[in-house]
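First comes the structure, then the notes that go with it.
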Amino acid sequence: MLIEFLFSAVILGIVVAIPPGSATIAASQRAIKYGFKNSLFFTAGSSISDIFYIILVYKGVAQLVSSYKIFEIILSAVCGTILCYMGITSLFHSLKNNSSSSRNFVLKKSPLSAVISGILITLTNPMTIIGWLAVAGNFFLVWNRKFPDSSDFSVLVTACIMTGVLLWFVPLLFVVSRLKKILSGRILMLLMRICDLWLIFFGFIAYYNFIKLITAY
């Protein structure tokens, strides 16, 4: 029963990671621009926030937080600001330095900055806690009924869930980072701008959610 429980946790992590979101776009952008290693630092930061929310869900705190709309309002505003800032500044820099030279994509970026960016994008995204609450919350409820001792393996099951997330993200980012060796600088520049626009798009979605919550509050 324990093996089945842990294997299900790994599958859960993979399923949660597959749908593309702002963290996926930002990580892919870093993989293209700064390389595979830098995107892993970003993913590590994003994983820290995911672990934080998984623990909240596991302990039942997330249900309490989500019941107070003020938290979602604040997170929506902060998330929209961060995503729009990252997308707009990156797009502006790309347009200002309009060049197809591949050297634009090998600039070094601080690993600490990558980790912090990963933490902030995932932590401030209200959809993160809603997603984990819906998916992981139901997962824990089902397994608590089937396997009452599952509560004794909170650390292990969290590790299994994040293993599933990384099993999807790491190969994906590796493939994306290899594009730099396959595609021309002009196409890479286009991909970077598309990533910027997607970040701005996700930022506007967060702002839309913010406005909707404010008007209904």
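Values computed for the structure shown
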| item | result |
| --- | --- |
| Residues located in the range 18-41, provided they are under 19 Å from residue 193 (Cβ atoms) and aromatic (Phe, Trp, Tyr) | 34 |
| Candidate set: the range 95-133, residues that are surrounded by 14 or more Cβ atoms within 10 Å (Cβ to Cβ) and modelled with pLDDT under 70; chosen: the one nearest to residue 182 (Cα to Cα) | 102 |
| Unmet requirement for residue 163, which otherwise passes all of (1) at pLDDT below 90; (2) open to solvent by 30 Å² or more (accessible area, probe 1.4 Å); (3) of a type outside the set (A, V, I, L, M, F, W, C); (4) in contact with a helix residue (DSSP H, G or I) (Cβ under 6 Å, 6 or more places away or on another chain) | (1) |
| Residue satisfying all of: in the range 16-63; open to solvent by 30 Å² or more (accessible area, probe 1.4 Å) and not in a helix (DSSP H, G or I); farthest from residue 202 (Cα to Cα) among these | 60 |
| Qualifying position, being at pLDDT 85 or above, open to solvent by 20 Å² or more (accessible area, probe 1.4 Å) and under 22 Å from residue 95 (Cβ atoms), among 174, 169, 210, 204 | 204 |
| Residue 9, sole failed condition from (1) open to solvent by less than 20 Å² (accessible area, probe 1.4 Å); (2) more than 27 Å from residue 195 (Cβ to Cβ); (3) of a type outside the set (Phe, Trp, Tyr); (4) at pLDDT below 85 | (4) |
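The values are calculated or read from the model by the stated rules, or taken from the named source; none is laboratory data. Since this is a predicted model, take the numbers as computed values, not measurements. Heads up, the Cβs are rebuilt from the backbone with ideal geometry, glycines too, and the neighbour counts pull from every protein chain shown. Accessible surface is based on the protein model in full, side chains and every heavy atom, while ligands, DNA and RNA are left aside. Shrake-Rupley method; radii C 1.70, N 1.55, O 1.52, S 1.80 Å.
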